[in-house]
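All remarks here apply to the structure that follows.
The values are calculated or read from the model by the stated rules, or taken from the named source; none is laboratory data. Given the structure is predicted, the values throughout are model-derived calculations rather than measurements. Because the Cβ atoms are built from the backbone with ideal geometry, glycine has one as well, and the counts that use them run over all protein chains shown.
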Amino acid sequence: MCSISYILRLLLSCAALVGGLSAYSQEGDYTLIPMPQHVESLSEEYYEWSDGVSLSLPETLGDLLPIAWELVGEIEEVGAVSGLSVSCEESTDRSMIHFEYDPRMTPDGYTLRITPDSGVLLRYKEAEGVRYALQTLRQLITPRGLPSLEIEDRPRLPYRGLMLDVSRHYMPLPFILRLLDEMARYKLNKLHWHLTDGGGWRLEIKSIPELVGKTAYRSESHFMRWWDSGDRRHIPSDSIGGYGGYYTQEEVREVVRFAQERGIEVIPEIEMPSHSSEVLYALPQLSCSGSPARYERDLCLGNPETYTFIHRVLDEVMDLFPSQYIHIGGDEADERGWETCSRCKALRDREGLESTDALQGYFMTSISEYVTSRGRTAIGWDDVLGGGAPPEMTIMSWRGEEGGITAAKSGHDAIMCPVGILYLDYYQSDRRYEPEANGWTTTFMRTYGYDPVPPSLTSDEKRHIVGVQGNLWTEYVPTPEHAEYMIFPRLLSLAEIGWTEVSQKDPECFKWRLNREVERLRGRGVNSYSPSSSLDESMTVDNAHRRILVTLESERRPLEVHYTLDGTIPTLSSPRYSLGDTIVVSDSARIMAAHFVAGRIDGRVTEVDADYHLGVGKRLTWLTPTSREYASVGLETALLDGVRGTANFSDGKWLGTRASRDNVVLIDLGVVQPIHKVSTRCMQQAGPGLYMPRWVEVTLSEDGQTFTPCGRILSATSPDDRRQRIETFTIRTDRKARYIKVHYHMPPDDKYLMTDEIVIW
């Protein structure tokens, strides 16, 4: 956990930022991410910088000279000292770090003891531990020197990775190198490079020049528009005006060398047997049809040429990448072509394979064995488990945790990267104010709260969970700047859950550290998302006292919040909200709350409607068919539970159901009583298929038999609007009723209705 002295230092440095002071204006201005396993403050004094100090590495640690120079360079920049040197010579009294070999330590572990008089004592067993110690020291640099601390540290998991998809959008080499440097700073050690997919083939294969020659460029820069339009044309690499690019083998070697200097293994992924439409565009003979069909994406598994092709590609890949791991894909096969293909049928008959899943299993086993024969380890997405993955294959669990759990129980090593938690192409906050992304929302705190080692596993099975990984797919991410925005600061959450033991994690402490570290990231020119000052509400219904209990939270630290209950904009004289407080609403209130910095509202004012209305807890019945595909809360209770949803439709407060043309709910209030207003809120977000009703109608009845219309409200949102829209439909009346029907009339075709509360007064 964070020590008291450490928290105080964080408070000081964060207070300095809020006041607009220099980033290095306060002592103790440092953060540690990921948090070491043990940190102890020895004193309030510092080991102070002086001109001409050396950093003398033992000769056996010569490979670490690049990071040592980076450390010294940052000391000179921040500490206003000069003449610092780095060498592999015998340590002298002027050396700031004294190295001590300790055979009792783990290969990737280290200890640091920093004192004002003696400088830094670094104990280690192998160079890997020293590398991580030097990265920790980079984070501890302040203008005064290094704080007096004792640190004992080692990683929790051996695999701590980031996946970057460059098929949908090519990312230039300088961005890749910059990303590797930031990964190393936070002790991530694997870059999973998704080099091939339907968007384009990005790796030069000298023996098959058609791959980049025909598919590295395409006619349309916007991937989703290109993909959905049905065009999906690639254009020759020597054409004018093409969009895309590829990495030469010389560039790949540069990336690998740069990564090795920073202790990062670059793992190539060659997608197969599906997600291969670009391959079939260049080499149509490898498809089941044998012709360049734009919608085919599965390699023909019954064609011997397919295996020859894969072997040729992998031979060059494994010559370029010295990584232990080679990722061979295996996800989301269409399989329909295999079912009708005569060559695939013949292979199934010959090998006695009972299904297309087994056919894919045969293929993946064959390729995995080929990789193994070269002394490497194949990784496959968890889909491969369906066809029987070979025992030597490592499984990457993306469709939740289930694949990783199944793999571990079966004796496979597994890497956890569940969608919804560790996918970095999702929105980070209120999507109405975010750049375009995939449809869901994953905050950095949601990622931080994830434990990649499922507690349901036995101790022996847990040893097979070797790592964790964040995945950036780039369908919606066209530029390096956008990629940085999506990766950071969630990469910091990823780094800590992969490195720090669960017992040492502290969410509140992490929020403080992350806020401070984002300022450092942006100071280095990284286009990081900044923690939002928007306030997230949590509502609890207290039926015993007929009231709504509201609490507020934010990503921002430090936090000063003021609020009102009457819909007016808060000021500094409005009531102050402290974290953990509860706002009590006994009737109806529009809560307006905002974060203040230097006496002014910072960011947007948060509006929260809280109503303990007539319908809370009453009986609701759907009169039309419903589904539970988006129903994160109960179909019969969600619309009358008193709880409003946020801008995130996956927050567990919205109800989503596959819509008919007409969707009707019946509410029974129990007794006849005056009704003055009925309102309901709906959401439109085209990506996940959520559409606004064209109109909403309310009818009332005293006996449940005869219903009288009391109003119809037309939607102001066009079905063609792809931005997120939230619209409130309010019908006012002056009638008595026991029964209320709410009718949602939807656009045609296959849509989802998303709504969160029917409010009745």
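Looking at the range 16-108, the strands (runs of 3 or more DSSP E) lying wholly inside it that each contain 3 or more residues that are modelled with pLDDT under 95 and farther than 29 Å from residue 505 by Cβ sit at 54-56, 85-87.
Every residue in the range 109-120 that is assigned to a strand (DSSP E or B) and touching a Gly at 6+ places or on another chain (Cβ under 8 Å), please. Residue satisfying the conditions is 110 alone. Taking residue 298 as the residue in question, decide whether it is of a type in the set (D, E, K, R) and in contact with a Pro (Cβ under 6 Å, 6 or more places away or on another chain). Yes. Scanning the range 474-483 for residues that are within 16 Å of residue 526 (Cα to Cα) and surrounded by fewer than 21 Cβ atoms within 10 Å (Cβ to Cβ) returns 479, 480, 481, 482.
The set of residues in the range 288-322 being closer than 16 Å to residue 198 by Cβ and modelled with pLDDT of 95 or more consists of 298, 299.
Filtered by the rule that a residue be more than 25 Å from residue 402 (Cα to Cα) and charged (D, E, K, R), the range 452-506 gives 475, 481, 484, 506.
Cβ-Cβ distances below 7 Å connect the following pairs, each with a first residue in the range 516-530 that is touching a residue at least 12 places away in the same chain (Cβ under 8 Å), a second residue that is of a type in the set (S, T, N, Q), and a separation of six or more residues or different chains: 516/13; 516/31; 517/31; 518/528; 518/530; 521/528; 529/428.
For the structure I just gave you, tell me whether residue 353 is free of Cβ contacts under 8 Å to residues at least 12 places away in the same chain and surrounded by 15 or more Cβ atoms within 10 Å (Cβ to Cβ). So residue 353 fits the description; yes.
Once the range 484-521 is narrowed to residues that are touching a strand residue (DSSP E or B) at 6+ places or on another chain (Cβ under 8 Å) and of a type in the set (Val, Ile, Thr), the residue that is surrounded by the most Cβ atoms within 10 Å (Cβ to Cβ) is 497. Looking only at the range 457-465, decide whether some residue is assigned to a strand (DSSP E or B) and either touching a helix residue (DSSP H, G or I) at 6+ places or on another chain (Cβ under 6 Å) or within 21 Å of residue 415 (Cα to Cα) (or both). So far as the range 457-465 goes, yes, one or more of its residues are assigned to a strand (DSSP E or B) and either touching a helix residue (DSSP H, G or I) at 6+ places or on another chain (Cβ under 6 Å) or within 21 Å of residue 415 (Cα to Cα) (or both).
How about the range 714-757: which of its residues are modelled with pLDDT of 95 or more, within 15 Å of residue 663 (Cβ to Cβ) and assigned to a strand (DSSP E or B)? Passing the criteria: 729, 740, 741, 742, 743, 744, 745. Among the residues that make up the range 303-321, is at least one of them over 23 Å from residue 211 (Cβ atoms) and not hydrophobic (A, V, I, L, M, F, W, C)? Checking the range 303-321: not a single residue is over 23 Å from residue 211 (Cβ atoms) and not hydrophobic (A, V, I, L, M, F, W, C). Just so you know, in the range 302-328 the residues that are among the charged types (D, E, K, R) and under 21 Å from residue 251 (Cα atoms) include one that is surrounded by the most Cβ atoms within 10 Å (Cβ to Cβ), and it is 316.
Where helices (runs of 4 or more DSSP H) sit wholly within the range 161-241, none has at least 1 residues that are not assigned by TED's automatic domain parsing to the domain that holds residue 484.
Scoring residue 100 on the criteria (1) out of contact with any Asp or Glu (no Cβ under 9 Å at 6 or more places or on another chain); (2) without any contact (Cβ under 8 Å) to a residue 24 or more places away in the chain leaves a single failure, condition (2).
Residue check: residue 589 meets all listed conditions (1) at pLDDT 95 or above; (2) buried (at least 20 other Cβ atoms within 10 Å of the Cβ); (3) of a type in the set (A, V, I, L, M); (4) closer than 21 Å to residue 653 by Cβ but one, namely (1). Tell me, yes or no, whether the range 121-142 has at least one residue that is without any contact (Cβ under 8 Å) to a residue 40 or more places away in the chain, in contact with a His (Cβ under 9 Å, 6 or more places away or on another chain), outside any loop (DSSP other than H, G, I, E, B) and not assigned by TED's automatic domain parsing to the domain that holds residue 486. Within the range 121-142 (the criterion being without any contact (Cβ under 8 Å) to a residue 40 or more places away in the chain, in contact with a His (Cβ under 9 Å, 6 or more places away or on another chain), outside any loop (DSSP other than H, G, I, E, B) and not assigned by TED's automatic domain parsing to the domain that holds residue 486), the answer is yes, since at least one residue qualifies. The set of residues in the range 718-730 being over 18 Å from residue 224 (Cβ atoms) and crowded, with 18+ Cβ neighbours inside 10 Å consists of 725, 726, 729.
The numbered conditions (1) surrounded by 16 or more Cβ atoms within 10 Å (Cβ to Cβ); (2) over 28 Å from the mean Cα position of the chain (by Cα) are all true for residue 393 except (2). The residues on offer are 449, 470, and the sole one that is surrounded by fewer than 20 Cβ atoms within 10 Å (Cβ to Cβ) and small (Gly, Ala, Ser) is 449.
Here is the figure for the range 428-440: residues that are more than 22 Å from residue 222 (Cα to Cα) and outside any loop (DSSP other than H, G, I, E, B) total 0. Looking at 591, 583, just one residue is outside the structural domain of residue 679 (by TED's automatic domain parsing), β-branched (Val, Ile, Thr), touching a residue at least 40 places away in the same chain (Cβ under 8 Å) and touching a strand residue (DSSP E or B) at 6+ places or on another chain (Cβ under 8 Å), and that residue is 591. Pairs meeting the criteria (first residue in the range 149-164 and modelled with pLDDT of 95 or more, second residue of a type in the set (Asp, Glu) and part of a strand (DSSP E or B), beta carbons under 7 Å, at least 6 apart or on different chains) are 149/40; 150/40.
Of the strands (runs of 3 or more DSSP E) lying entirely inside the range 575-622, those containing at least 1 residues that are more than 23 Å from residue 740 (Cβ to Cβ) and aromatic (Phe, Trp, Tyr) span 588-597. Of the strands (runs of 3 or more DSSP E) lying entirely inside the range 356-427, those carrying at least 1 residues that are among the polar types (S, T, N, Q) and modelled with pLDDT of 95 or more are 377-381, 394-397. A single member of 468, 453, 477 is closer than 19 Å to residue 180 by Cα, of a type in the set (Val, Ile, Thr) and part of a loop (DSSP other than H, G, I, E, B), and it is 477. Taking the conditions exactly as written (part of a loop (DSSP other than H, G, I, E, B), under 26 Å from the mean Cα position of the chain (by Cα) and either surrounded by fewer than 15 Cβ atoms within 10 Å (Cβ to Cβ) or modelled with pLDDT of 90 or more (or both)), does residue 628 satisfy them or not? Spelling it out, residue 628 is indeed part of a loop (DSSP other than H, G, I, E, B), under 26 Å from the mean Cα position of the chain (by Cα) and either surrounded by fewer than 15 Cβ atoms within 10 Å (Cβ to Cβ) or modelled with pLDDT of 90 or more (or both). Taking the criterion of being surrounded by 21 or more Cβ atoms within 10 Å (Cβ to Cβ) and of a type in the set (A, V, I, L, M), would at least one residue in the range 335-347 satisfy it? Among the residues of the range 335-347, not one is surrounded by 21 or more Cβ atoms within 10 Å (Cβ to Cβ) and of a type in the set (A, V, I, L, M), which makes the answer no. Annotation: residue 509 fulfils all but one of (1) closer than 25 Å to residue 192 by Cα; (2) in contact (Cβ under 8 Å) with a residue 12 or more places away in the chain; (3) not hydroxyl-bearing (Ser, Thr, Tyr); the unmet one is (1).
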